[in-house]
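Engineer: First, the structure itself, so that you have it in front of you.
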């Protein structure tokens with residue numbers, strides 16, 4: 001039995017009470033392991049999807065380096081080190097993963113008394129999310145970036161994503177482009193915005209930092225009792241990048257008033273109150289870390305990363321829905337997702353001045369008050 005073979009590599013193997021599927025992730029297979037002697041001693045067992053992450057050893061090395069650095073940095077504060085980051089459970093041989101039948105498996109200590117959110121239930125939740133993303137950057141601000149490998153090449157390289165979109169739309173192997181002229185035009189009309197972040201990186205106007213690269217709300221862990229954010233999780237995409245990637249991606253999802261695949265576009269708005277909550281939490285820990293160019297491009301990052309995401313959905317739709325899983329009852333699912341993202345892009349473009357006003361106001365507040 002494969003599960004027994006996997007578990008046999010870990011020190012708790014003789015005390016396993018039950019193993020059950022856990023969470024609702026679409027990339028990695030995840031299980032919750034409960035032990036006999038202490039039901040509070042639980043573990044997360046997870047297969048790394050090697051189709052998505054073609055270098056699982058690099059993924060695990062990055063996670064090991066980053067989580068250890070976070071815990072070492074947190075030792076100098078009053079943080080609970082056991083809850084400030086994920087903790088990898090090593091095998092009997094001291095390895096950070098197990099390879100079984102060409103599958104890579106890893107194990108984390110389960111953090112009790114926590115939860116995640118799929119959507120914003122109250123504005124303060126998004127403030128806490130902003131703090132978590134900002135503090136992640138703060139804790140890792142001194143990390144030696146050259147030690148990290150690239151887990152997915154060009155993950156947030158928007159110009160490269162744009163080139164793929166052009167290739168797929170020209171090929172149009174599923175004959176779908178004729179009916180989506182407006183959506184294709186939406187992307188083409190914004191080709192000059194595609195390179196905003198990458199140009200800043202390439203010209204060394206902004207630094208490469210340790211970035212999470214997938215800062216959606218359900219990748220942030222909250223304490224059940226206090227409802228305060230504890231840490232960011234799902235670290236497979238941690239690699240060198242721009243802090244703008246993390247800010248743009250988090251606000252793209254969290255500041256939206258609708259689901260990512262909402263059919264009624266009238267319901268899709270970029271909520272400035274939610275944007276302010278996240279930005280407030282984020283700047284609490286990054287106001288003295290951000291360069292002027294990073295600060296000046298926080299709102300641009302919302303536009304660029306949202307545009308990139310919508311373009312990826314549209315590319316997948318044109319290519320026959322090969323990457324993003326779709327609801328079998330919704331044949332236009334990826335197209336519908338693209339439309340919601342493009343609506344948010346328009347919202348951010350129209351509200352650009354207001355959003356920059358919020359950024360500058362909150363930056364000034366935190367700079368004057370200092371981190372409390």
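The values are calculated or read from the model by the stated rules, or taken from the named source; none is laboratory data. The structure presented is a predicted model; accordingly, all values stated were derived computationally and were not measured. Here Cβ is always computed from backbone atoms with ideal geometry, including for glycine, and neighbour counts include all displayed protein chains.
Engineer: Filter the stretch 37-86 down to the residues that are at pLDDT 80 or above and part of a loop (DSSP other than H, G, I, E, B) and list them by number.
Structural biologist: The answer is 41, 49, 50, 51, 52, 53, 54, 55, 84, 85, 86.
Each row is one residue, and each column tells you yes or no for (1) surrounded by 15 or more Cβ atoms within 10 Å (Cβ to Cβ); (2) at negative phi.
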| position | (1), (2) |
| --- | --- |
| 282 | yes, yes |
| 292 | no, yes |
| 298 | yes, yes |
| 309 | yes, yes |
| 352 | no, yes |
| 362 | yes, yes |
| 367 | no, yes |
| 370 | no, no |
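Engineer: At least 1 residues that are more than 26 Å from residue 266 (Cβ to Cβ) in each: list the helices (runs of 4 or more DSSP H) lying fully within the stretch 286-369 that qualify.
Structural biologist: Values: elements: 292-296, 298-318, 333-350, 352-369.
Ranges flagged: 292-296, 298-318, 352-369.
Engineer: Take the conditions crowded, with 19+ Cβ neighbours inside 10 Å, in contact with a helix residue (DSSP H, G or I) (Cβ under 7 Å, 6 or more places away or on another chain) and farther than 29 Å from residue 147 by Cα and apply them to residue 247. Does it pass?
Structural biologist: Working: crowded, with 19+ Cβ neighbours inside 10 Å: yes; in contact with a helix residue (DSSP H, G or I) (Cβ under 7 Å, 6 or more places away or on another chain): yes; farther than 29 Å from residue 147 by Cα: no.
Here the answer is no, as residue 247 does not meet what is asked.
Engineer: Now, a different point. Within the stretch 95-115, how many residues turn out to be surrounded by fewer than 16 Cβ atoms within 10 Å (Cβ to Cβ) and either in a loop (DSSP other than H, G, I, E, B) or out of contact with any strand residue (DSSP E or B) (no Cβ under 7 Å at 6 or more places or on another chain) (or both)?
Structural biologist: Going through the stretch 95-115 one residue at a time, the tally reaches 7.
Conditions tested, residue by residue: (1) closer than 20 Å to residue 336 by Cβ; (2) without any contact (Cβ under 8 Å) to a residue 12 or more places away in the chain.
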site	(1), (2)
232	no, no
241	no, no
262	yes, no
274	no, no
283	no, no
292	no, yes
298	no, no
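Engineer: Taking the stated definitions as given, is residue 61 at negative phi, out of contact with any strand residue (DSSP E or B) (no Cβ under 6 Å at 6 or more places or on another chain) and free of Cβ contacts under 8 Å to residues at least 40 places away in the same chain? Outline the logic, then answer.
Structural biologist: On the way: at negative phi: yes; out of contact with any strand residue (DSSP E or B) (no Cβ under 6 Å at 6 or more places or on another chain): yes; free of Cβ contacts under 8 Å to residues at least 40 places away in the same chain: no.
It is false that residue 61 is at negative phi, out of contact with any strand residue (DSSP E or B) (no Cβ under 6 Å at 6 or more places or on another chain) and free of Cβ contacts under 8 Å to residues at least 40 places away in the same chain.
Engineer: Please go through the stretch 1-17 and give me each residue that is modelled with pLDDT of 90 or more, surrounded by 11 or more Cβ atoms within 10 Å (Cβ to Cβ) and not in a loop (DSSP other than H, G, I, E, B), ordered by number.
Structural biologist: Of everything in the stretch 1-17, those that are modelled with pLDDT of 90 or more, surrounded by 11 or more Cβ atoms within 10 Å (Cβ to Cβ) and not in a loop (DSSP other than H, G, I, E, B) turn out to be 5, 6, 7.
Engineer: Scan the stretch 103-124 and give yes if some residue there is free of Cβ contacts under 8 Å to residues at least 60 places away in the same chain and either within 28 Å of residue 150 (Cβ to Cβ) or within 18 Å of the chain's Cα centre (by Cα) (or both), otherwise no. I'd like the intermediate steps shown before the answer.
Structural biologist: Here is the first cut: in the stretch 103-124, the residues free of Cβ contacts under 8 Å to residues at least 60 places away in the same chain are 103-104, 121-122.
After this cut, where a residue has to be either within 28 Å of residue 150 (Cβ to Cβ) or within 18 Å of the chain's Cα centre (by Cα) (or both) as well, the list is 103-104.
Yes, there is a match, as at least one residue in the stretch 103-124 is free of Cβ contacts under 8 Å to residues at least 60 places away in the same chain and either within 28 Å of residue 150 (Cβ to Cβ) or within 18 Å of the chain's Cα centre (by Cα) (or both).
Engineer: Among the residues of the stretch 311-323, are any free of Cβ contacts under 8 Å to residues at least 40 places away in the same chain, surrounded by 19 or more Cβ atoms within 10 Å (Cβ to Cβ) and on the phi < 0 side of the Ramachandran plot?
Structural biologist: So the first thing to find is which residues in the stretch 311-323 are free of Cβ contacts under 8 Å to residues at least 40 places away in the same chain, and the list is 313, 316, 321-323.
Okay, now just the ones that are also surrounded by 19 or more Cβ atoms within 10 Å (Cβ to Cβ), so 313, 316.
From the residues that got through so far, the ones that are on the phi < 0 side of the Ramachandran plot too are 313, 316.
Scanning the stretch 311-323 turns up at least one residue that is free of Cβ contacts under 8 Å to residues at least 40 places away in the same chain, surrounded by 19 or more Cβ atoms within 10 Å (Cβ to Cβ) and on the phi < 0 side of the Ramachandran plot.
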